[in-house]
Amino acid sequence: MTRVLVTGATGFVGRALVDSLHGKGVTVRAAVRRPPHTAFDHGIEVVTLPDLAQPFDWRAALANVDAIVHLAGIAHIGSDVPDEAYDRINHAATARLAMAARQAGVRHFIFMSSVRAQSGPAAEHILTEADEPRPTDAYGRSKRDAELALRCSGVPYTILRPVVVYGHGVKGNIASLMRLAATPWPLPFGALANRRSLLALDNLIGAVELLLARPAAPNDLYLVADPHPVSFSDIVATLREAQGFRRRLVGIPPAFFRIALTTMGRPDAWERLGGSLVASPARLIAAGWQPQVETLAGLAAMARAGKL
């Protein structure tokens, strides 16, 4: 029977993945830093890890493990995280785990990287796996460097570069946008027609499960995104309407936001707000991935489930 080690098992993606794999009869070993608020189902193995920033012996956690899904790391949470922390946890810890996995005979290492290993917060063209990686911040560089370490480790691997993931229980920018949308007052985003690729949590889990089911890892790389990008204004409008408010978006010219945010020294914020980032999942779809959640419908379901 296949045994899968999932690191970061109590996180937004990790907990959902562990529960889904276990429900399908997969033997799961959940690696955690601390016990979860809600206990895992009976039958899920739990192993506690120390701080990933420091080297430690992975052998006990990897005993009899066939595959790894490595999710643990520091998320892209802002400028308050030192650059070296991203490197220690996202890059160096991944490199050590990859080497330990090779020595333990692990047959497949799935690494959850990020589209930010490939691009900044906006891109002028549709991203594909053929693009040269050009990360623009410490988070993206740490993910790119982790990918390179994994490639050099000798363990069979698959690298996933997801775009922003949404779903019930999400945190970060999507959660902030939900809170912003939950107001009866008009919002000034009606003219923001820039397109963004998003990724439903259930679609991401489906991609991981597809790759785990393969008989052998092909040492490959995939961008992961819902098939159809959506405009920023439609994202906000969908979140508003799903939470019971009228659309009410005012068409302020995008140049106003660009000038204001650039003047404030926040060009990165403008790129996230007004820039486009579209990633093509064509390669993963050709490999057999069949995403079940459509973006706007998924955003609406998430907003209704987490209605403030």
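The values are calculated or read from the model by the stated rules, or taken from the named source; none is laboratory data. Every value quoted in this text rests on a predicted model; they were computed, and no experiment measured them. Cβ: placed from backbone, ideal geometry, glycine included. Neighbour counts: every protein chain shown.
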Q | Matching residues in region 194-225 - criterion: being surrounded by fewer than 18 Cβ atoms within 10 Å (Cβ to Cβ), among the hydrophobic types (A, V, I, L, M, F, W, C) and not in a helix (DSSP H, G or I) | A | Ala213, Ala216
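This table checks each residue for (1) over 22 Å from Gly298 (Cα atoms); (2) among the small types (Gly, Ala, Ser); (3) at pLDDT 95 or above.
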| site | (1), (2), (3) |
| --- | --- |
| Gly140 | yes, yes, yes |
| Lys143 | yes, no, yes |
| Ala191 | yes, yes, yes |
| Ile205 | no, no, yes |
Q. Can you tell me which residues in region 50-73 are surrounded by fewer than 18 Cβ atoms within 10 Å (Cβ to Cβ) and either among the β-branched types (Val, Ile, Thr) or closer than 26 Å to Val170 by Cα (or both)?
A. Pro50, Asp51, Ala53
Q) Where residues in region 131-163 are among the β-branched types (Val, Ile, Thr) and in a loop (DSSP other than H, G, I, E, B), which of them is surrounded by the fewest Cβ atoms within 10 Å (Cβ to Cβ)? A) Thr136
Q. Looking at Ser176, Ser114, Ser153, which one is in contact (Cβ under 8 Å) with a residue 12 or more places away in the chain and closer than 24 Å to Arg266 by Cα?
A. Ser114
Q | Subset of region 263-308 (residues that are outside any helix (DSSP H, G or I), under 17 Å from the mean Cα position of the chain (by Cα) and among the hydrophobic types (A, V, I, L, M, F, W, C)) | A | Leu277, Val278, Ala279, Trp289, Val293
Q: Kindly provide the set of residues from region 56-84 that are modelled with pLDDT of 90 or more and part of a loop (DSSP other than H, G, I, E, B), ordered by number.
A: Phe56, Asp57, Trp58, Ala63, Asn64, Val65, Asp66, Leu71, Ala72, Gly73, Ile74
Q) In the set Val26, Val6, Val32, Val13, which member is surrounded by 14 or more Cβ atoms within 10 Å (Cβ to Cβ), of a type outside the set (Lys, Arg), in contact with a Leu (Cβ under 8 Å, 6 or more places away or on another chain) and farther than 22 Å from Thr94 by Cα? A) Val26
Q: Please work out if Leu21 is part of a helix (DSSP H, G or I), surrounded by 13 or more Cβ atoms within 10 Å (Cβ to Cβ), on the phi < 0 side of the Ramachandran plot and in contact (Cβ under 8 Å) with a residue 12 or more places away in the chain.
A: yes
Q) Restricting attention to region 36-52, does a residue exist that is part of a helix (DSSP H, G or I) and out of contact with any Asp or Glu (no Cβ under 7 Å at 6 or more places or on another chain)? A) no
Q | Pairs, first free of Cβ contacts under 8 Å to residues at least 40 places away in the same chain in region 271-300, second surrounded by fewer than 19 Cβ atoms within 10 Å (Cβ to Cβ), C-beta under 7 Å, six or more apart | A | none
